[in-house]
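My questions will all concern the structure given below.
The values are calculated or read from the model by the stated rules, or taken from the named source; none is laboratory data. None of the values given here were measured: they were computed from a predicted structure. Cβ: placed from backbone, ideal geometry, glycine included. Neighbour counts: every protein chain shown. The area values use the complete protein model at the heavy-atom level, side chains included, leaving out ligands, DNA and RNA. Shrake-Rupley method; radii C 1.70, N 1.55, O 1.52, S 1.80 Å.
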Amino acid sequence: MTDIWFRAGEATVLAAEGQVTDAMPEIVIGSVKGPVGTAFASMMGQTVGHTRFFVIRDLNQMVRPATMMTSKVTITSEAYIGLFGGVVQAAIGDAIVDCLKEGILPAEIANDVCMIITVWLDPRCADDKNLDKKDLYRTNYTAAKIAIGRAMKGEPTVEELIANRTKISHYALEGVLD
């Protein structure tokens, strides 16, 4: 059994030039017997516009740790759900398996913890005739892997946050604060 009760991580990986494929997953990891496990089980039902499902790599290939994914954006089209449940889900599934393979997620706890991942998929992707699905895969794979690693390592640390308090500010504050 694991002593991981609640770990959180996030990452942002920006799209290639001319694409809207930015990825910004937020992940919680914790024991199936703790608060993350309770939240995970509570997500089994559906909410209109925010489809939830297990992360799979392909048919009959659900990842371990069991991972529930949901969209940060209200889903309004079949094209969106096709990308979300296709390329994005596959990228996240591959990232999780690679995290196991590389020891970022210890394989020995894979059945004792679960994960919830909220996923940003820009609504413009569904209608983008020039959508680069390889870039959509790249950003979601990379961001999921980084977010999982950060959750497992407790990054950024409190010390890093304090050290960067006056060096880094939210991008939306550009021109707002002096």
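Considering every residue within the range 135-145, establish whether at least one is loosely packed, with under 11 Cβ neighbours inside 10 Å and among the basic types (Lys, Arg). Working first, answer last.
So in the range 135-145, the residues loosely packed, with under 11 Cβ neighbours inside 10 Å come out as none.
No: the range 135-145 contains no residue that is loosely packed, with under 11 Cβ neighbours inside 10 Å and among the basic types (Lys, Arg).
Oh, and also: Every residue in the range 66-113 that is basic (Lys, Arg) and either at pLDDT 95 or above or surrounded by 21 or more Cβ atoms within 10 Å (Cβ to Cβ) (or both), please. Outline the logic, then answer.
Of all residues in the range 66-113, those basic (Lys, Arg) come to 72, 101.
Passing the criteria: only Lys101.
Next question, about the same structure. Hey, among the residues in the range 146-160 that are among the charged types (D, E, K, R) and farther than 14 Å from Ile104 by Cα, which one's most open to solvent (accessible area, probe 1.4 Å)? Spell out the reasoning first.
First pass over the range 146-160, keeping only residues among the charged types (D, E, K, R): 150, 153, 155, 159-160.
Now drop any that are not farther than 14 Å from Ile104 by Cα, which leaves 159-160.
Values: Glu159: 131, Glu160: 88 Å².
Per the stated criteria, the residue is Glu159.
Name every residue in the range 62-83 that is under 19 Å from Phe40 (Cβ atoms) and over 12 Å from the mean Cα position of the chain (by Cα), in order of residue number.
We begin by selecting, within the range 62-83, every residue under 19 Å from Phe40 (Cβ atoms); these are 62-72.
Across the range 62-83, the qualifying residues are Met62, Val63, Arg64, Pro65, Ala66.
Let me ask something else. List, please: which pairs have Cβ atoms under 8 Å, are six or more places apart or on different chains, and start with a residue in the range 75-91 that is more than 12 Å from Pro123 (Cβ to Cβ) and end with one that is open to solvent by 40 Å² or more (accessible area, probe 1.4 Å) and of a type in the set (Asp, Glu)?
As it stands, the answer is Ala90/Asp58, since those pairs meet every condition given.
Here is a follow-up. Collect the residues in the range 5-39 that are farther than 18 Å from Phe54 by Cα and either in contact with a Gly (Cβ under 6 Å, 6 or more places away or on another chain) or among the acidic types (Asp, Glu) (or both), keeping them in residue-number order.
Trp5, Phe6, Glu10, Glu17, Asp22
Additional query: Run Ala39 past the list (1) at pLDDT 95 or above; (2) small (Gly, Ala, Ser); (3) closer than 21 Å to Arg150 by Cα; (4) surrounded by fewer than 17 Cβ atoms within 10 Å (Cβ to Cβ) and report the number of the one that doesn't hold.
Tallying (1) at pLDDT 95 or above; (2) small (Gly, Ala, Ser); (3) closer than 21 Å to Arg150 by Cα; (4) surrounded by fewer than 17 Cβ atoms within 10 Å (Cβ to Cβ), Ala39 fails exactly one: (1).
Let me ask something additional. Restricting attention to the range 50-69, does a residue exist that is farther than 26 Å from Asn111 by Cβ, of a type in the set (A, V, I, L, M, F, W, C), touching a Cys at 6+ places or on another chain (Cβ under 8 Å) and touching a residue at least 40 places away in the same chain (Cβ under 8 Å)? Explain how you work it out, then say what you get.
As a first pass, look at the range 50-69 and keep what is farther than 26 Å from Asn111 by Cβ: 50.
Adding the requirement that they be of a type in the set (A, V, I, L, M, F, W, C) leaves none.
Checking the range 50-69: not a single residue is farther than 26 Å from Asn111 by Cβ, of a type in the set (A, V, I, L, M, F, W, C), touching a Cys at 6+ places or on another chain (Cβ under 8 Å) and touching a residue at least 40 places away in the same chain (Cβ under 8 Å).
Of the residues Ile109, Ile117, only one is under 20 Å from Thr38 (Cα atoms) and out of contact with any helix residue (DSSP H, G or I) (no Cβ under 9 Å at 6 or more places or on another chain); which? Please lay out each step first, then the result.
Values: Ile117 fails: out of contact with any helix residue (DSSP H, G or I) (no Cβ under 9 Å at 6 or more places or on another chain).
Answer to the selection: Ile109.
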